Amino acid sequence: MAVKGIKKTGEYFDSVTLMLVARSLTEMEGVDDAAVVMGTEENKQILAASGMLLDEFKDTSDTDLLIVGKAADEAKTDEVILKAEELLIESKQKKVSAGEHQPKSIEGAIEQIPDANMVIISVAGRYAGDVAMEALEKGLHVMLFSDNVSIEREKELKEYGREKDLLVMGPDCGTAIINGAPLCFANVVKRGNIGIVAASGTGLQEISCIIGNEGAGISQAIGTGGRDVKEEIGGIMFIEGIKALEADAATEVIVLVSKPPAPEVLEKVAAAIKDIKKPVVAILIGGDPEVMDRAGARAAGDLERAGLIAVALSRGESPEGIAAKLDARRKEIEKQAAEEASQMKEGQKYLRGLFSGGTLCDETQLMFKEEIGAVYSPAPIDPDFKLDDIWKSKENTVVDLGEDEFTVGRPHPMIDFLLRKKRIVEEAKDPETAVILLDVVLGYGSNMEPGQELAPAIKEAKEIAEKDGRHIAIVCSITGTYKDPQNRKKVEKELKAAGAIVMVTNAAASLLTVEIIKIRSQGGKK
Amino acid sequence: MILNELFEQELKAINVGLVSFKEALDDAEFKCVQVDWSPPAGGDEDVLAALKALGI
């Protein structure tokens, strides 16, 4: 086995570009492993763990580019290095071919667009706080995608932002729609009269897609980052967001999305909405709805209900009929579940949920807890159900593959499906698996061909089960709109053709799964 | 409230980091300038701390 690499000093590329290049290299025939990373301490640890930290890499800095390949012989590793250089030149040319001069700083960028009003930041966490503060000092709103920014720094940025009437969305804010512009991982939803404030990225995406697919629209969708509603931050931007939407003439309905806020933050949020004249819909995933109810908001039990209630209110209609509509759908889902369950073999009784969206994973956990009982997870809602080994499912299990422990050295599972595809196949080999539940999140930033990516793994999983005389239900929800660059309709068709059952929302997909598992856990009898 | 003035304007962005975020805005026909960013002081934390201390 040969391991060979080169170091290029002073060449900087963003992490996603590098991970996608590395991914292409590992797909080359005869290549065992490959890495293209900046020479940071974390990256060097990853290289060391996979036996690719060469001696010449030990003394490198954040601005050194490291390319390394592992293959049967040196000729192949040379090929890897050459290919990496080609792909990196290509990515640079793509940037330059846009015909735009790229400034080296925010100051330089402002010279190009003096009326800029938003800075999107996705550099490494240890630099991101400084870049964000520089943007705020220049009077610009901030969308801070980066994570690994300390909570002290977050507080400092948000307090400063509040003082200057500037938005600080993040850190770790994956999505927002401001003035119709999709920021980071956002879906294409027309403009309308529903405003959203969310401390939950995929929660915001799921609700905005439900709203869009129902034919309604979004005025603003403000993300805050999940930590905003924790005690240390005190909901600074969540509350500023509510105030901004209250004052916004284009917003007629306000939707609040979050995991359960800290109790004192919840009280602050309740106080902020108490005197608002506009209707407020609140979904606090796993939180006590009573405080929101008391403050005059309509508390919804899941993201789908929240979206549908908001749409009804935005049209001046009563949301009272929604419960009956969803009850009728539940009957249909129960029938579908009975049919699926009847084809399964003895012993098939468990759910395996493989998610890319954290909030969707939580929503499924909650629905299971209410209907059947807690499920195992690396981040369980019931601490007794913590999965010992995150790589191995146990009984009913759901994992969010977007969690840090799964994304070290690889792109987020909304971009790179490799890990999920492997796990789908693994779960299919387990004779106790009844349902594999997946979320497919579309929109800007996400993988452009999720249907084509997942289809071979879905087919393989189905085949593995069939050879063993089993029938596995592969249930997918799609978070996306018909106007997203991937096109929801196309993705839906590809997933169905591969043998998946495609449900309209994560709530519907989870419900179908719950109903199948209910039947299977009673030995297949209903 | 100045924050709400943002909602009256056309969104014009500066992107520091992942190029795909600029490409999304280009695709949706919003103005966005990409900053050719690299870690300050070559990523050397000691130099960076010294520059910060000097207010640079």
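Rule-based calculations on the coordinates, nothing more; no lab input. Note that this is a predicted model, so its numbers are computed, not measured. Please note: Cβ atoms are built from the backbone with ideal geometry, for glycine as well, and neighbour counts cover all protein chains shown.
Set against the 2.2 N^0.38 Å expectation for a compact globular protein, region A:130-192 has a Cα radius of gyration ratio of 1.16. Across all C-alpha atoms in region A:79-189, the radius of gyration and Dmax reach 16.3, 55 Å.
Just name one of A:451, A:1, A:407: the one whose Cα is farthest towards the positive end of the charge dipole of chain A (beta-carbon charges, Lys/Arg +1, Asp/Glu -1). In chain A, that residue is A:451.
Quote the charge dipole size of the protein assembly as shown about the Cα centre in Debye, to the nearest 20; the model charges only the Cβ of Lys and Arg (+1) and of Asp and Glu (-1). Don't jump to the answer; show the numbers that get you there.
Values: 70 positive and 100 negative charges, 395 e Å.
Rounded to the nearest 20 debye, it is 1900 debye.
By other beta-carbon atoms within 10 Å, ranking A:504, A:408 with the fewest at the front produces A:408, A:504.
Can you pull a Stokes-Einstein diffusion coefficient for region A:339-437 at 25 °C (0.890 mPa s), Rh from Kirkwood over Cα pairs, as a whole number of µm²/s? Stokes-Einstein gives a translational diffusion coefficient of 177 µm²/s.
Quick one: of A:230/A:274; A:345/A:462; A:44/A:83; A:155/B:22; A:230/A:392; A:421/A:467, which pairs are farther than 23 Å apart, Cα to Cα? From the list (A:230/A:274; A:345/A:462; A:44/A:83; A:155/B:22; A:230/A:392; A:421/A:467), the Cα-Cα distance tops 23 Å for A:155/B:22; A:230/A:392.
Whole number please: convex hull volume per residue of the Cα set in region A:266-392, in Å³? Present the calculation step by step, with values, prior to reporting the outcome.
On the way: hull volume 18.6 nm³, N = 127.
Considering the Cα atoms of region A:266-392, their hull volume per residue is 146 Å³.
The relative contact order of chain A, computed from alpha carbon pairs under 8 Å that lie at least 6 residues apart in sequence, is 10 percent.
One-quarter of the Cα convex hull surface for region A:209-315, in nm²? List each step's numbers first, then the result.
On the way: hull surface 23.7 nm².
It is 5.9 nm².
Full extension of the chain between residue A:11 and residue A:331 gives 109.3 nm of extra length, using 0.36 nm per residue less the Cα-Cα distance.
One chain, two ends: residue A:323 and residue A:165. Fully extended at 0.36 nm per residue, the span grows by 52.9 nm beyond their Cα-Cα distance. Pairs spanning more than 21 Å between alpha-carbon atoms, out of A:394/A:518; A:459/A:490; A:349/A:493; A:277/B:12: A:349/A:493; A:277/B:12.
Please list, by residue number, everything in region A:132-164 whose backbone N is under 12 Å from a paramagnetic label point 7 Å out along Cα→Cβ of residue A:262. A:151-152, A:155, by backbone N distance to the label point.
Near residue A:205: Cβ cut-off under 12 Å, other residues only, Lys/Arg at +1 and Asp/Glu at -1. The net charge is -3.
Counting beta carbons within 10 Å around each of A:400, A:228, A:59, A:430 and listing the fewest first gives the order A:59, A:430, A:400, A:228.
Here region A:2-97 is treated as a Stokes sphere of Kirkwood radius computed over C-alpha pairs; at 4 °C and 1.567 mPa s its diffusion coefficient rounds to 99 µm²/s.
So for region A:2-97, averaging the separation of alpha carbon pairs under 8 Å that are six or more residues apart and normalising by length, what relative contact order in percent results?
Values: 150 pairs, mean separation 39.1, N = 96.
Once divided by the residue count of region A:2-97, the mean separation gives 41 percent.
Shape annotation for region A:1-40: C-alpha extents along the principal axes are 30, 20, 13 Å, from largest to smallest. Sum up the charges of everything whose Cβ sits under 11 Å from the Cβ of residue A:115, counting Lys and Arg as +1 and Asp and Glu as -1, but leave residue A:115 out. Summing Lys and Arg as +1 and Asp and Glu as -1 gives +1.
Going by a ≥ b ≥ c, the root eigenvalues of the Cα gyration tensor, does the protein assembly as shown fall in the rounded group (a/c under 1.5), the prolate group (a/b larger than b/c) or the oblate group? Here the protein assembly as shown falls in the oblate category. Where only DSSP H runs of four or more residues are counted, chain A gives -13500 deg cm²/dmol as its mean residue ellipticity at 222 nm, each run worth -39500 (n - 2.57).
In terms of the Cα gyration tensor, with a ≥ b ≥ c the square roots of its eigenvalues, is region A:324-521 rounded because a/c is under 1.5, prolate because a/b exceeds b/c, or oblate? Before the final figure, lay out the partial values.
Details: a/c = 1.25, a/b = 1.12, b/c = 1.12.
The shape class here is rounded.
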